[in-house]
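Asks: Here it is: the structure, laid out below.
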Amino acid sequence: MNTTEKVMERTPILSVEGVSKAFPGVQALTSVDFCVMDGEIHGLVGKNGAGKSTLMAILMGILEPNEGTIIIGDQQFHAMSPKEAIEKGIAYVPQHVAMMDSLTVAENILAGELPKTKSGFVNWKKVNSEAKERLDRLGLEMDVTKKVEGLGVAEQTMLAIAKALFGDAKLIILDEPTASLSRTDINRLFAFVKSLKDKGGSFIYISHHLEEVFEICDRVTVLRDGHIVGTADVAEIDVPKLIVMMVGEDVEDYTRESTCEDETVMVLNGLERRGYYENINLELHKGEIIGLTGLQGCGVEQLGKGLFGLEPRGIGEIILADKKFTAVRPIESFNQGLAYLPQDRYRYGLVGLRSVRENVTYPILNKLVRLMNLINGKEEKIIVNKYIGELDIKTPSQEQPARLLSGGNQQKVVFAKLASTQPSVLVLHEPTQGVDVRAKMDIFRIIDAMAAQGVAIIIISTEIRELIGVCDRILVMNDGRLTSEFKKGEKDMTPEKILAAIEGGKINE
Amino acid sequence: MNKGQKRDWVKIILDNFIWLILTVLFTYFAVNVPNFTSKTNLLNILLHASVLGVLTIGQAIVLMTGNFDLSAEGMVSLSTILAMWLMIEPGSVVGTAQGSGLMLNPYLVIFIILILGTLSGYIIGVLITRLNMNGFIVTLAAQLVLRGVAMIVSNGQIMTGSPKAFNWLGGAKIYGIPVSVIVTLLLFVGVNYMLNQSKFGRELRAVGANPDAAQASGFNPKRTITLAYTIGGFLAAFAGWMLLGRLETAVSSLGSGMTLETVAASVIGGVSLKGGIGSVGGAFAGVLLLSLIDNALNLMSVDSFWVESVRGFIILLALLIEAQKFRYKPKVVHEKEPAVASDCK
Amino acid sequence: MKKNTSKLLDVIFENLIWLLVAAGLIIFSSLSSSFRSPNNLASLLYRSAALGLLVLGQSFTMITGNFDLSSESGLGLTAMVAALALASADNGGLGWEVSPFVAIVLMIGVGLLIGLINGLLITRLKMNNLIVTIAMQMILRGLVYIISPGSTASFFPKAFDWLGGGTLFKIPLERGFFSFPVATLFVILIFVVSHIITRYTQFGRNMYAVGSNLTAAKDAGIDTDKIVRIVYLIDGLCMALAGLLAAGRLDSATPRTGAGLTFPVQAAAVIGGISMAGGRGNMIGALGGLMLWSILDNGLSIMKVSPFWIETSRGLILLFAVWLDAVKVKKVHQRSLIDILLQSTIGLKDKTIVKN
Amino acid sequence: MKKNLTILSVIAIAAMLLAACASNTAAPAAEEAAPVAEEAAPAEEAAAAVVIGYGAPELSGAQGQIMQGLVDHSEAKGWEVVTTNADFDAEAQANQMDDFISMGVNAIVTVPVDSQAICSSVAKAKEAGIAFYTIDRAPIGCAVDMTVQSDNYLAGKQSAEAIVAFLTEKYGEAKGTVLELQGDLGQNVAQLRGGGFNDYMADYPNVEVISKPTEWDAAKFSSATLDVAGSTDVDAIYMHSDSVGTTVVLAALEQLGKKFARGEEGHVFLAGVDGSPDAMQAIRDGWSDQASSQPIPDFGIIADWIEKKLAGEEPVEGEVIQEGALWSPATIVMTDTGYQLNLATTSVTPDNADSAALWGNN
């Protein structure tokens, strides 16, 4: 792309030239050229396995490239040690920020370099005042004597960024920082990052949310299969083009024909859990896909978990397939025809150490067991094979530990697990989180296919565009109440309107 | 492609390292230690492996859920003392064989101690899962309490004179093979098969590997862990029964030091201390290794003072292997896995 | 208002150990005149001085999220090494009869070596700290038997015994004397020093960082392995000092010196608020835990509780302590048992792999 | 908030319960011991009665009987005995001695965990003016008021003599294989029992002695017997403790198919120290052959000398004779570790295994 040269008359803070890295059996990066300018936020996108992690690991000094050079300032490296990388001002803020939970904010900021008195002891007064002063300089307000375990996720992420900057970081790599943030928190985080940029900070921003890339980045680089596809000014490109660059083909937003039938599958009647949600009335039809959305903390998350039995549900009546739904535990929910896809796949979705086969059949073991609780292995294999085929799960074998699959395939395994219970109602919580664009399409196809089989589906998500593409109806929750409804086909069903409803009338962009 | 296969070999070797060591050691001892391969001695090795083996099954099950059980040896002590106390005469001699005088039927006593073991395991499980107490220390404390009660009941004395019917499990032979060996082998084969094929086995490993996901998959981790401890308690009492039958003597110090051996045997046999991985069959190999070494140390004239150190070194070695296993990172499968791609062409 | 009350409760909760210590002192003092005699009170820490140093070493390792179960044998080995060097051949020694100073240097050397080996095995070879140290416990105890071989060595120069068995001043009482044990002072002093180290030095805070979150500590540029190695070195030093106190007090070292202390060590540290999950607790609290243990030990014994019951009651007390720890950890931060175990095993690395 | 309060109250209750437990268990002990004691005074202030502090090194096997012997002899005099258990830990024993001194007992009696380590406690007791006695083992390096003991070294030697006699009879000369099941090698007793045995055996080079440590652990007695007797032909087995070993070893031999009665072909000669009831029974039944019987409960007669000491009387050197007592004749000698009351040990063979004077037959 020829846009690269004319972007800014700024100097590159970091360039990578001709970097290649091969693992046994996989060429992860092939002569990658890439540079980040001083004072820019540089988006880095690409589907899982495109080489982002490898590239970042090389920048962090964790991996040594097979060939190529890294240029920081006026110094050239073939490979750095992690220590050198830090010394050169490269910092990494991961998705799950690792903090010293039981220590205070101030200690976390100054860890490893606490101010000391003349006699060599830690000067606690100074620790707190200095931490406060540093945060003030960045315009971040926080009680520095508070323990980190008492902070929210966004605050922790901002603290991590601040920490990196205090460590004289010149280039901060943000790896999916918004994955578990609400919209307001995302706004706060973006405002913070932008303010830092204005003060001269440089960032590499890795994200699956292409909208966010447009919202915050100056330039964006696309990686595909270990190659740089190109770098572009965000001002000169749009989402479809970006997607084309990423997947190498033109992928439209997913759209589908409604499979909604008249028959009612589930009725929620006056569901209420104090402090989370109240007066939830909902009717769900066969083959219908409903989107549930709202700000974080508005109660949708708890509603989903409550329906499934991971959390207390509170009072209210639920009728599922003409029977009273009484499940209070996941297994009972499965048995009564409701399945749930948790948001955090690594923590709740998969038992990563165990095989694909075992993961798929966990909830249906009761149906597979014969005499003495023994599992009918033949039948199990047939079932698992069926789902591997139907959902197109790419795995060398059924026995592959689930953690060794790619993100999208892992999610498909979770889907296979849920599908195996043959549910009447499926509750999906952020089903496309952490999977690449192509796998997203696969997942929508799976959802579509299940709806076509008559399963009623509730998708709890903040990806409004995706919801619009997939759902028959979208319900918005505000402070624990369902406040607005958007129906497919109505012209109100636009991202802007839904966003407005979510934010309670105030659009905050 | 070739490289990938080579790495898998590394994994296979690491996974089955224990059997390799076992074979090598066995051959070495067979050649170098006189009488090692005699039928009596081979049966002896299995006999040693029996009580330890039964305890190790319990330990391995608990370890698979990602927990520890240090209480089993206390249960061995209490179950033997209690059984003896219920069965023998009140002591006529000062400070000896102070039975309760209940003179209960041996079969009833067996039933009582098995129930007791099960119950104590259950209570420990409840303390850990419901009250969120640290399993390591809870079971350590339970060990003390159980052994303490054994001391109180026995008044610190040695008790002898258990009835034949009770001793059958530990002392009798069928066709020249000790019953305890047969029972232990059957237990291992049975439990191993059960855990590999049953729902409960799945549940154990799922809970051990990731309790949250296991819960969301329809399991009940608290119940599973409690059940694992309950089984552990039952097996500990069972091991006590077996041990008492073999020794015909009960004393409150019985079983001391066995906990460590069960953990070591399990780890050597490939059960992960982090839970979720391993099999009872592997643990059996660990048990065999330990009793093989004990036996060989007894047959060779190793200086008495060295025995403890040698055992410590062996456990350390086993750990080293376990540690290497976790340092070995299997290759991550990418979407463009050659295996899949080649199928297309 | 409400916030203040809950803060007050937090403070009470944080210092619960001292309430328990006070309660123990009051209860036993009111029940027994022997307990409240000045000599007995002064000896409360003296009797558990060696235990105290092991508790200290254990606290250091536990704050970084590790365990040391080998210290009881470390105590035995260092004591025996010194004893062999000090004692005459008649008294079971090697007949070198070195000066006390040399002996102390020697035992500290051995202690540091043990710590070094523990640290290296755990950090370099990534072995599970629980099991490594249990194995070390066996190996070291075996070494004690091998070098002794199996017999006691005793009767050392007065100077060597001073720290463990000496008294500071004597005030005549109606019956006998009141004298203040040196070891009591030493233990308090060394706990205070350790508190200062852990609270007010960079290294001390780094320890907490490592125990609180290994990855974060690494990210903060802390050489976590080095911290763990140093902590085990300190732990080794504590073993040696504990050996010095134990040998000094008994004026001898037996092959079994220190055997069976692992359990009280663990108990006292946990009762004192050192969390098994790492990163929480402080040395003054650990001192409180040691005192409570000592009070109960002494109190139950003076109250003529039958020896058969003492073991059981100890077990129950420990259960109680663990329950407290559980409540506390739960209160501050919901953390599963699995996580706690993960912290103490080699698994952390693996866990991060799963996450990425 | 509310939860915090609950937790605190639970803790308070637990603390109270604990305290209550302690006082409850203490009270009856005191009452039992001083049945005629002043009812008005609090139990612990029952100053008029004599209180003896007894420190046991451990409580299994013979040690429990030694303790019982002392308690019986003392209670016969209307004294109270406070018992403690050091569980093989010399330092714990030192703590218990400190506790006795704090309690102001009239006399301390102890079986030292370690003969040398006990000296620091002896010195302290002296300073506090409390009489100090040891049972079973004399201290090394300091002097106590009196030690009552039987000769462990002699006991080992007696067993060795019996085994050599048996081997000589069997083969015409002293040769063959003997398995020695040792106690805990860190302990004085085991060292003496082993020493007496092995020093005697050193004169018979054709006898091979295979020594295995057992740490007094019944399971290890069994394993060692199974392994050694299973792989070699063992002629005799010598146990450092027949109270732990007899039944276990016989069971192991039976499992090996090598349990034969005395006189039968293949009989394994069993000898041991202690002279426990089990051993006596086994000798009478013809399974076992020799036991070096210790006058274990008779150690309690030290109470007589404590009584004299408290009355201001010193022991007299010379022989002590008591009609019908197996420990008689005993000798009292003054040594540099204080007076020693040496009780005779008895080598029990099938000939005298019925003697009612043996403690194992009581």
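The values are calculated or read from the model by the stated rules, or taken from the named source; none is laboratory data. Just so you know, these numbers come straight off a predicted model, no measurement behind them. Backbone-built Cβ (ideal geometry, glycine too); neighbour counts: all protein chains shown. With ligands, DNA and RNA removed, areas are computed over all heavy atoms of the protein, side chains included. Shrake-Rupley method; radii C 1.70, N 1.55, O 1.52, S 1.80 Å.
Asks: Can you give me the ranges of the strands (runs of 3 or more DSSP E) entirely in the stretch A:454-502 with at least 3 residues that are assigned by TED's automatic domain parsing to the domain that holds A:VAL435 and crowded, with 20+ Cβ neighbours inside 10 Å?
Replies: In the stretch A:454-502, the matching strands (runs of 3 or more DSSP E) lie at A:456-460, A:473-478.
Asks: Still on this structure: In the stretch A:448-468, which residue that is within 19 Å of the chain's Cα centre (by Cα) and of a type outside the set (A, V, I, L, M) is farthest from A:PRO423 (Cα to Cα)?
Replies: Per the criteria, the residue is A:ARG465.
Asks: Select, from A:VAL351, A:VAL384, A:VAL328, the only residue that is in contact with a Gly (Cβ under 8 Å, 6 or more places away or on another chain) and away from chain B (no Cβ under 11 Å).
Replies: So the residue among A:VAL351, A:VAL384, A:VAL328 that is in contact with a Gly (Cβ under 8 Å, 6 or more places away or on another chain) and away from chain B (no Cβ under 11 Å) is A:VAL328.
Asks: Please go through (1) within 30 Å of C:GLY93 (Cβ to Cβ); (2) more than 14 Å from chain B (Cβ to nearest Cβ); (3) open to solvent by 20 Å² or more (accessible area, probe 1.4 Å) for C:PHE178 and return the number of the only condition it doesn't satisfy.
Replies: All conditions pass for C:PHE178, except number (1).
Asks: Further question on the same structure: Filter the stretch A:396-438 down to the residues that are over 18 Å from A:GLU380 (Cβ atoms) and hydrophobic (A, V, I, L, M, F, W, C) and list them by number.
Replies: Result: A:LEU404, A:LEU405, A:VAL425, A:LEU426, A:VAL427, A:LEU428, A:VAL435, A:VAL437.
Asks: Please specify each residue of the stretch C:104-132 satisfying the condition of being under 12 Å from C:ASP235 (Cα atoms) and either surrounded by 24 or more Cβ atoms within 10 Å (Cβ to Cβ) or of a type in the set (D, E, K, R) (or both).
Replies: Residues satisfying the conditions are C:GLY111, C:ILE114, C:GLY115, C:ASN118, C:GLY119.
Asks: Can you find even one residue in the stretch C:230-244 that is in a helix (DSSP H, G or I), in contact with a Phe, Trp or Tyr (Cβ under 9 Å, 6 or more places away or on another chain) and within 9 Å of chain A (Cβ to nearest Cβ)?
Replies: no
Asks: Could you run through the stretch A:61-82 and say how many residues are at pLDDT below 85, not in a strand (DSSP E or B) and not small (Gly, Ala, Ser)?
Replies: 7
Asks: If you scan the stretch A:373-409, which residues turn out to be of a type outside the set (Ser, Thr, Tyr) and in contact (Cβ under 8 Å) with a residue 60 or more places away in the chain?
Replies: If the condition is that a residue be of a type outside the set (Ser, Thr, Tyr) and in contact (Cβ under 8 Å) with a residue 60 or more places away in the chain, then A:GLY407, A:GLY408 are the ones that fit.
Asks: When the residues of the stretch D:211-224 are narrowed to those that are facing chain B (nearest Cβ under 7 Å) and over 18 Å from the mean Cα position of the chain (by Cα), which ends up nearest to B:LEU243 (Cα to Cα)?
Replies: Step by step, filter the stretch D:211-224, then rank; the result is D:ALA219.
Asks: Let me ask something else. I'd like the full set of residues that are within 30 Å of A:VAL267 (Cβ to Cβ) and open to solvent by 10 Å² or more (accessible area, probe 1.4 Å), limited to the stretch A:400-419.
Replies: Result: A:ALA419, single match.
Asks: Got a sec? Which of A:MET60, A:MET56 is closer than 21 Å to A:LEU404 by Cα and assigned by TED's automatic domain parsing to the domain that holds A:GLY201?
Replies: A:MET56
Asks: With the requirement that a residue be of a type in the set (A, V, I, L, M) and in contact with a His (Cβ under 9 Å, 6 or more places away or on another chain), what does the stretch A:411-438 give you?
Replies: Of everything in the stretch A:411-438, those that are of a type in the set (A, V, I, L, M) and in contact with a His (Cβ under 9 Å, 6 or more places away or on another chain) turn out to be A:VAL435, A:VAL437.
Asks: Here is a follow-up. Does at least one position in the stretch D:138-153 carry a residue that is open to solvent by 10 Å² or more (accessible area, probe 1.4 Å), closer than 30 Å to B:LEU144 by Cβ and within 13 Å of chain C (Cβ to nearest Cβ)?
Replies: Checking the stretch D:138-153: not a single residue is open to solvent by 10 Å² or more (accessible area, probe 1.4 Å), closer than 30 Å to B:LEU144 by Cβ and within 13 Å of chain C (Cβ to nearest Cβ).
Asks: Restricting to the stretch B:26-58, name every residue that is within 24 Å of the chain's Cα centre (by Cα), open to solvent by less than 70 Å² (accessible area, probe 1.4 Å) and farther than 15 Å from B:ASN298 by Cβ.
Replies: Answer for the stretch B:26-58, where residues must be within 24 Å of the chain's Cα centre (by Cα), open to solvent by less than 70 Å² (accessible area, probe 1.4 Å) and farther than 15 Å from B:ASN298 by Cβ: B:SER50, B:VAL51, B:GLY53, B:VAL54, B:LEU55, B:THR56, B:ILE57, B:GLY58.
Asks: Continuing with this model, one more query. Can you confirm whether the stretch D:114-126 contains a residue that is among the acidic types (Asp, Glu), buried (at least 24 other Cβ atoms within 10 Å of the Cβ) and assigned by TED's automatic domain parsing to the domain that holds D:LEU70?
Replies: Yes.
Asks: Scan the stretch A:430-440 for residues that are under 21 Å from B:ALA216 (Cβ atoms) and open to solvent by 10 Å² or more (accessible area, probe 1.4 Å) and report the count.
Replies: 3
Asks: Out of the helices (runs of 4 or more DSSP H) lying entirely within the stretch D:231-334, which hold 2 or more residues that are more than 30 Å from B:SER301 (Cα to Cα)?
Replies: The qualifying helices (runs of 4 or more DSSP H) are D:277-285, D:302-310.
Asks: Looking at the stretch C:114-134, can you tell me whether even one residue there is within 21 Å of C:LEU244 (Cβ to Cβ), part of a helix (DSSP H, G or I) and free of Cβ contacts under 8 Å to residues at least 60 places away in the same chain?
Replies: yes
Asks: For the list (1) within 14 Å of chain B (Cβ to nearest Cβ); (2) more than 23 Å from C:HIS195 (Cα to Cα), I need the number of the one condition that C:SER37 fails.
Replies: Every condition holds for C:SER37 apart from (1).
Asks: Which condition does C:GLN137 not pass, out of (1) at pLDDT 90 or above; (2) open to solvent by 10 Å² or more (accessible area, probe 1.4 Å); (3) closer than 30 Å to D:ASN188 by Cβ; (4) in contact with a helix residue (DSSP H, G or I) (Cβ under 7 Å, 6 or more places away or on another chain), if it passes all the others?
Replies: Unmet condition: (1).
Asks: Now for a separate question. I'd like to verify a number: residues in the stretch B:236-266 that are open to solvent by less than 10 Å² (accessible area, probe 1.4 Å) and under 16 Å from B:GLY58 (Cβ atoms), how many?
Replies: 12
Asks: Quick check on the stretch C:245-278: of everything there that is outside any loop (DSSP other than H, G, I, E, B) and either at the interface with another protein chain (Cβ under 7 Å from one of its Cβ atoms) or among the hydroxyl-bearing types (Ser, Thr, Tyr) (or both), which residue is surrounded by the fewest Cβ atoms within 10 Å (Cβ to Cβ)?
Replies: The extreme case among them is C:PHE263.
Asks: Inside the stretch D:72-94, can you point out the residues that are at the interface with another protein chain (Cβ under 10 Å from one of its Cβ atoms) and not in a strand (DSSP E or B)?
Replies: Matches in the stretch D:72-94: D:ASP72, D:ALA86, D:ASP87, D:PHE88, D:ASP89, D:ALA90, D:GLU91, D:ALA92, D:GLN93, D:ALA94.
Asks: Give me a count of the residues in the stretch D:179-225 that are of a type in the set (Lys, Arg) and open to solvent by less than 40 Å² (accessible area, probe 1.4 Å).
Replies: Result for the stretch D:179-225: 2.
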